[in-house]
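Input: a single structure, listed below in structure tokens.
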Amino acid sequence: MGKQDLPAEVSASAYNYPDALGHFGPYGGVFVAETLIAALDELREAYEKLKDDPAFRAEYEYELKHYVGRPSPVYHARRLSEHCGGAQIYLKREDLNHTGAHKINNVIGQAMVAKHMGKPRVIAETGAGQHGVATATIAARLGMECVVYMGSEDVKRQAANVYRMKLLGATVVPVECGSKTLKDALNEAMRDWVTNVGNTFYIIGTVAGPHPYPMMVRDFQKIIGEECLWQMPEMIQRQPDAVVACVGGGSNAMGIFYPYIPYPNVRLIGVEAGGHGVATGQHSASLSAGRPGVLHGNRTYLLQDENGQIIETHSVSAGLDYPGVGPEHAWLKDTGRAEYVTINDDEALAAFHRMCRTEGIIPALESSHAVAYAMKLAAEMPKDAAILVNLSGRGDKDMHTVAEKSGIQF
Amino acid sequence: MSRIASTLSALESAGRKALIPFITAGDPDLSTTVPLMHALVECGVDIIELGVPFSDPMADGPTIQRSSERALAKKVSLRNVIQVVAEFRKTDARTPVVLMGYANPIEAMGVEAFADAASKAGADGVLVVDYPPEESHDFAAKVRAVGLDVIFLIAPTSTEKRIRAVGEIGSGYIYYVSLKGVTGAGHLDVSEVSRRIPAIREAVGMPVGVGFGIRDGASAKALSAVADGVVIGSRIIEEIENSPADQVIPRVKALVGSIRQAMDSQEVAA
């Protein structure tokens with residue numbers, strides 16, 4: 001896949017995270033009940049062996065090329081850039097992957113690990129259904145049993161994705177506890193795993209959860225940034241000035257940021273969901289407005305009340321609607337290597353429409369947050385500056401939401 | 001010697017086993033919790049595990065999740081739970097109380113502030129479900145510094161190395177999770193548990209309580225033949241959940257009383 005050597009200005013990076021226990025500075029770690037420890041140890045050992053195994057790498061790369069359609073192109077969004085009147089905006093087209101988003105990169109990797117570990121059953125949590133669809137897809141591809149946990153509220157809101165998962169042969173279990181959304185689906189998947197650990201592999205969809213998940217998911221997503229490292233010079237003879245990606249749990253952002261960490265001149269900007277506005281309290285901006293705490297097996301920034309209870313979040317985009325964030329993002333924020341900003345629902349929707357009309361690309365509402373911020377940033381930068389946006393998914397799944405916001409009924 | 005250690009050592013001398021009920025503070029409401037604790041003591045329980053409600057109780061089954069949700073619907077906080085302990089202590093200086101819950105409410109309060117307040121209120125131990133030994137060194141040191149025991153879980157899947165690590169960092173007693181799964185699950189294998197407990201007790205050098213999946217006098221009796229104590233949570237919570245408000249205390253007393261009786265009976269377990 002045409003990787004080039006690191007140029008001279010890139011120092012042999014001191015960045016080497018996580019540590020052996022999964023810590024990114026004070027974040028990450030393994031905060032689970034003893035009942036899950038053995039399963040995580042087994043996974044960590046299996047993954048450590050496989051990740052540098054040439055046969056496993058070759059198998060993974062084969063799947064990415066022939067099943068997913070990688071490498072995904074980088075595309076110069078000329079008309080969108082002209083509209084903004086400043087920097088040139090480039091899109092990393094993860095929306096063109098099989099199943100329509102970056103999620104598949106990770107799911108293929110984990111399902112292959114499951115297969116090597118001899119686990120015939122995979123489970124997953126899903127919010128909007130994208131990770132669930134990706135998991136159901138790979139389970140079908142590899143002939144594995146698949147159970148997807150989904151908050152009962154989300155099951156109602158995402159009927160089409162529920163049907164997709166069923167078409168692919170998965171069982172979708174509606175979760176009735178707590179707020180009946182993504183975080184509760186994650187709790188329930190963990191409970192399934194601890195009960196059925198002998199034959200079951202838990203495919204987590206983002207760079208969160210207990211070690212080794214944040215590291216493993218990042219490793220399977222970093223292909224996004226690795227491709228950009230040679231695609232950008234091919235296109236503009238240099239690396240971009242800024243890389244922009246939306247952050248819910250943060251897997252697409254980690255995927256494109258990670259290979260750029262050693263490039264000090266490339267700004268890394270994560271865009272969180274500002275919902276109705278951070279001041280209203282109805283948002284999902286864990287890094288911008290949360291405090292460190294412990295949830296879902298890791299220490300990270302969380303949206304919580306003064307008593308440490310996790311609070312309900314809001315975003316127009318279901319994929320960003322999560323009260324935590326991957327621990328590596330928490331560390332990149334504290335160290336200042338990445339910046340984190342927010343984009344509100346209405347700004348994301350405006351960017352969604354602008355992208356449709358100027359580029360003929362219907363972006364996912366999640367990715368529209370990154371596009372919206374890139375548009376603001378571009379306007380403040382000179383015309384020869386370059387902003388690379390991770391267009392993490394396509395927007396077909398969001399037709400109902402967008403139509404409803406526009407007062408249109410099908 | 002801590003109140004937990006002296007209670008367990010007195011039981012051992014008397015040839016009796018500890019009965020350790022779990023209830024969630026604030027379920028069904030805060031005003032019931034202290035009378036319920038006293039009622040449990042009247043039934044002959046030895047240590048009370050008092051659950052701190054959390055929004056995301058990942059290791060718990062549906063019964064304790066709902067219990068947590070009922071308490072949170074009444075806005076019960078960690079500070080409220082500590083007040084419950086203080087209130088209970090006014091009239092019971094003998095029965096140890098262990099606070100059991102998840103890390104985030106404690107971290108939100110601040111570990112030192114929590115340890116200080118819990119100790120002053122008369123709590124005796126803390127069990128944080130999602131703090132395994134690796135992540136607990138700082139926490140355990142701060143909590144031990146104010147004289148509280150730090151209680152850890154051991155699972156059927158725990159390796160010998162981990163069991164020894166728990167023995168080094170934990171104190172009071174060990175909570176052995178008797179099955180793979182979440183609290184309240186229904187597939188307890190008594191013979192498997194019996195097989196493992198002696199070696200665990202030997203490795204950790206402290207008493208071993210067994211919990212997860214114990215539902216009646218018979219299973220409590222069978223496990224108390226090998227363990228130093230039995231923990232019963234979900235079954236009691238079910239009784240609370242299914243009782244009208246004025247029947248909560250009498251019905252829990254009837255249940256726990258019958259379990260105590262079964263444990264103390266001289267009949268050989270089936």
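Annotations
- Cα-based Rg of region B:192-270 normalised by 2.2 N^0.38 Å, two decimals: 1.23
- At a probe radius of 1.4 angstrom, the accessible area of chain B per residue rounds to 38 square angstrom.
- For region B:1-151, radius of gyration divided by Kirkwood radius, i.e. Rg to Rh on alpha-carbons: 0.94
- Report summary: the helix-based calculation at 222 nm, which adds -39500 (n - 2.57) for every DSSP H run with n ≥ 4 and divides by the residues of chain A, gives -12500 deg cm²/dmol.
- If you wrap region B:3-269 in the convex hull of its Cα atoms and look at it from every side, the mean projected area works out to 12.4 nm².
- All Cα-Cα separations within region A:289-385 were binned at 5 Å from zero, giving a P(r) of 2, 12, 18, 18, 19, 14, 9, 5, 2, 0, each value a whole percent of the pairs.
- Of B:LYS74, A:LYS376, A:LYS49, the residue with the largest accessible area leads and the full order is A:LYS49, B:LYS74, A:LYS376 (1.4 Å probe).
- Counts of other chain beta carbons within 10 angstrom of each beta carbon in peptide B:128-134 average 6.
- Here the translational diffusion coefficient of region B:146-185 follows from Stokes-Einstein with Rh set to the Kirkwood radius across Cα pairs; for 25 °C and 0.890 mPa s it amounts to 222 µm²/s.
- Pairs from A:LYS103/A:LYS180; A:LYS183/B:LYS180; A:LYS65/A:LYS333; A:LYS65/A:LYS103 whose Cα-Cα separation, in the structure shown, is over 26 Å: A:LYS65/A:LYS333
- The length gained by stretching the chain between B:ALA14 and B:SER2 to full extension, at 0.36 nm per residue less their Cα-Cα distance, is 2.5 nm.
- Interface residues in region B:94-120 - accessible area drops by 20 Å² or more relative to the isolated chain, probe 1.4 Å: B:ASN104, B:PRO105, B:GLU107, B:ALA108
- Bridge orientation summary for the protein assembly as shown: considering DSSP beta bridges with both residues in this region, about 20 percent are antiparallel.
- Note on region A:150-264: the alpha carbon radius of gyration divided by the globular reference 2.2 N^0.38 Å gives 1.34.
- Rh by Kirkwood over Cα pairs, then Stokes-Einstein D for region A:243-330 at 0.692 mPa s and 37 °C, µm²/s: 248
- Residues in region A:71-136 average 26 Å² of solvent-accessible surface per residue, probe 1.4 Å, ligands and nucleic acids excluded.
- Binned Cα-Cα distances of region B:69-201, short to long, each 5 Å bin given as a whole percent: 2, 9, 18, 20, 18, 15, 11, 6, 1
- Of the three principal axes defined by the Cα atoms of region A:90-153, the extents in descending order read 41, 31, 14 Å.
- Number of partner chain Cβ atoms within 10 Å, mean per residue of A:34-46: 5
- Coil-residue GluC sites (Glu not before Pro) of region A:219-322, DSSP, other Cβ within 10 Å capped at 13: A:GLU306
- Descending Cα extents along the principal axes, region B:97-169, whole Å: 35, 21, 20
- Prolate/oblate/rounded call for region A:135-202, Cα gyration tensor, a/c under 1.5 rounded: oblate
- Per the Debye calculation on region A:17-90 with a single equal scatterer at every Cα and no solvent contribution, log₁₀ I(q)/I(0) for q = 0.11 Å⁻¹ amounts to -0.62.
- Apportionment of accessible area to carbon and sulfur, chain A, percent (1.4 Å): 50
- Residue-level accessible surface for A:ASP192, protein heavy atoms, 1.4 Å, Å²: 10
- Solvent-accessible area buried by B and A, counting both chains, probe 1.4 angstrom, square angstrom: 2800
- Here the ratio of the Cα radius of gyration of chain A to 2.2 N^0.38 Å is 0.91.
- Computed [θ] at 222 nm, helices only, for chain B once each DSSP H run of length n ≥ 4 contributes -39500 (n - 2.57): -15000 deg cm²/dmol
- Annotation: peptides A:390-403, A:118-131, ranked by per-residue average of other Cβ atoms within 10 Å with the highest first, follow the order A:118-131, A:390-403.
- Under 5 Å, built H, 5+ apart or other chain: amide partners of A:GLY127: A:GLY132
The values are calculated or read from the model by the stated rules, or taken from the named source; none is laboratory data. Just so we're clear, the structure is a prediction, and the values are computed from it rather than from any experiment. Note that each Cβ is placed from the backbone with ideal geometry, even for glycine, and that neighbours are counted across all protein chains shown. Ligands, DNA and RNA are stripped out before the accessible areas are found, and what is left, the full protein with its side chains, is counted by its heavy atoms. Shrake-Rupley method; radii C 1.70, N 1.55, O 1.52, S 1.80 Å.
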